[in-house]
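Chemist: My questions all concern the structure below.
The values are calculated or read from the model by the stated rules, or taken from the named source; none is laboratory data. For clarity, every value in this text was computed on a predicted model and none was experimentally measured. Ideal geometry is used to build each Cβ from the backbone, glycine not excepted, and the neighbour counts take in all protein chains shown. To get the accessible areas, we keep the full protein, side chains included, count just its heavy atoms, and leave off ligands, DNA and RNA. Shrake-Rupley method; radii C 1.70, N 1.55, O 1.52, S 1.80 Å.
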Amino acid sequence: MGEIAELRKYTKPAVIIAILLIIYSPTIWWMVDRWNAKDSYYSHGILVPVVSLYVLWLKRDKLAKLKPKPVVLGLWLLIAGLLIHMLSAFFRVYFSSAFSSLLVISGIVLYFSGFEMFREALFSILFLVFMIPLPLIAIVGITFKMKIFAAYWANKIVNTLGIRAILDGSVIRMRHTHVIVEDVCSGLRSLISLLALGTVIAYFSKLSRVKKIVVFFAAGVMAIIANIVRIVFMALTSEIYGAKFTEGFLHTLSGLIVFIVAFAGLMLVVKELE
């Protein structure tokens, strides 16, 4: 009897999850496609739901002790989320459909389990934002502004270091060569990844709420600074050793190293705040 009762306990959540996966299958495939696209800004997307589930798993004992206290507000959130999803699916606007899933999940948790369960699950729900790719039109606008910003400051630093450079749009022109700051070099990929990473670090830290917010914004600042440093490095290397030297492996390696350095800088910020 005990095993049957335990099985029934998980039947409802399993059925709900299965229904949601079916309803949102076109949106899920859209996200997977964007995660795996060439030069994707969301290659980390597959890890986001894993992290969210891991956080819930860490709280499993606490969650098991909570008594369900259904809240009617949850039903309205669920209905609103499903309506947004249906409209989005009709017009094939997968971005808003993906966001509607957060409303649907929140509504389900509130309606079936109550505020206490919702409060404990809130981080896991909100963290899913990092797996939702921005619309391509937004990506284009953001990357343009970020690459111009990065090129401007990289050009200033190169001149400060004693190498004459002129900025032409997003192109840093030096005496012997030039460096083009393209969309993929805008720093958007590292910005999104570090913001997600910074959010996790802040959540698991023992810092106050205000300091956790500082860590979140510090992650963004570190990502932007690291990308500018990378562009400066590529410009100096290109000018000294030639443009061919910066292509291929070195270009990829510099991106990885700069991300590691940015992460190390973020950890230093956390240490100082502690």
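Chemist: Under 9 Å between Cβ atoms, at least 6 apart or on separate chains: pull out the pairs that start in the range 12-34 with a residue that is more than 25 Å from Y111 (Cα to Cα) and end on any residue that is open to solvent by less than 50 Å² (accessible area, probe 1.4 Å) and of a type in the set (V, I, T).
Modeler: M31/I132
Here's the yes/no breakdown for (1) at pLDDT 95 or above; (2) over 15 Å from M131 (Cα atoms):
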| residue | (1), (2) |
| --- | --- |
| H44 | no, no |
| P49 | yes, no |
| L58 | yes, yes |
| D61 | no, yes |
| P70 | no, yes |
| L82 | yes, yes |
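Chemist: Please work out which one of (1) crowded, with 21+ Cβ neighbours inside 10 Å; (2) touching a residue at least 60 places away in the same chain (Cβ under 8 Å); (3) hydroxyl-bearing (S, T, Y) is the condition T177 fails and give its number.
Modeler: Here T177 meets the rest and fails (1).
Chemist: Scan the range 236-243 and tell me whether some residue there is among the hydroxyl-bearing types (S, T, Y), out of contact with any Ser or Thr (no Cβ under 8 Å at 6 or more places or on another chain), at pLDDT below 95 and closer than 23 Å to T177 by Cα.
Modeler: Checked the range 236-243: at least one residue is among the hydroxyl-bearing types (S, T, Y), out of contact with any Ser or Thr (no Cβ under 8 Å at 6 or more places or on another chain), at pLDDT below 95 and closer than 23 Å to T177 by Cα.
Chemist: Looking only at the range 35-64, count how many residues are farther than 30 Å from G114 by Cα, touching a residue at least 24 places away in the same chain (Cβ under 8 Å) and more than 13 Å from the chain's Cα centre (by Cα).
Modeler: Residues meeting the conditions: 1.
Chemist: Let me ask something else. State whether the residues of the range 78-96 include one that is within 30 Å of S186 (Cβ to Cβ) and open to solvent by less than 40 Å² (accessible area, probe 1.4 Å).
Modeler: Checked against the condition, which is being within 30 Å of S186 (Cβ to Cβ) and open to solvent by less than 40 Å² (accessible area, probe 1.4 Å), the range 78-96 yields at least one hit.
Chemist: Then there is this: Return the total of residues in the range 230-248 being β-branched (V, I, T) and surrounded by fewer than 18 Cβ atoms within 10 Å (Cβ to Cβ).
Modeler: 1
Chemist: Among all residue pairs at least 6 apart or on different chains, which show Cβ distances below 6 Å where the first residue, located in the range 194-213, is open to solvent by less than 30 Å² (accessible area, probe 1.4 Å) and the second is not hydrophobic (A, V, I, L, M, F, W, C)?
Modeler: Qualifying pairs under 6 Å: A202/K212.
Chemist: Right, here's the next one. What number of residues within the range 249-274 are within 20 Å of T143 (Cβ to Cβ), surrounded by 12 or more Cβ atoms within 10 Å (Cβ to Cβ) and free of Cβ contacts under 8 Å to residues at least 60 places away in the same chain?
Modeler: 2
Chemist: Something else: Within the range 144-163, how many residues are surrounded by 15 or more Cβ atoms within 10 Å (Cβ to Cβ) and assigned to a loop (DSSP other than H, G, I, E, B)?
Modeler: 1
Chemist: Check G74, G45 and return the single one that is buried (at least 18 other Cβ atoms within 10 Å of the Cβ) and more than 20 Å from S193 (Cβ to Cβ).
Modeler: Result: G74 is the single residue among G74, G45 that is buried (at least 18 other Cβ atoms within 10 Å of the Cβ) and more than 20 Å from S193 (Cβ to Cβ).
Chemist: Still on this structure, please answer the following. Just one of (1) open to solvent by less than 20 Å² (accessible area, probe 1.4 Å); (2) touching a residue at least 40 places away in the same chain (Cβ under 8 Å); (3) farther than 17 Å from H44 by Cα trips up L188, so point out which.
Modeler: In the conditions (1) open to solvent by less than 20 Å² (accessible area, probe 1.4 Å); (2) touching a residue at least 40 places away in the same chain (Cβ under 8 Å); (3) farther than 17 Å from H44 by Cα, L188 misses (3) alone.
Chemist: Failed condition for K244, given (1) touching a helix residue (DSSP H, G or I) at 6+ places or on another chain (Cβ under 7 Å); (2) closer than 23 Å to L161 by Cβ; (3) not small (G, A, S), with all others met?
Modeler: Checking K244 against (1) touching a helix residue (DSSP H, G or I) at 6+ places or on another chain (Cβ under 7 Å); (2) closer than 23 Å to L161 by Cβ; (3) not small (G, A, S), the one that fails is (1).
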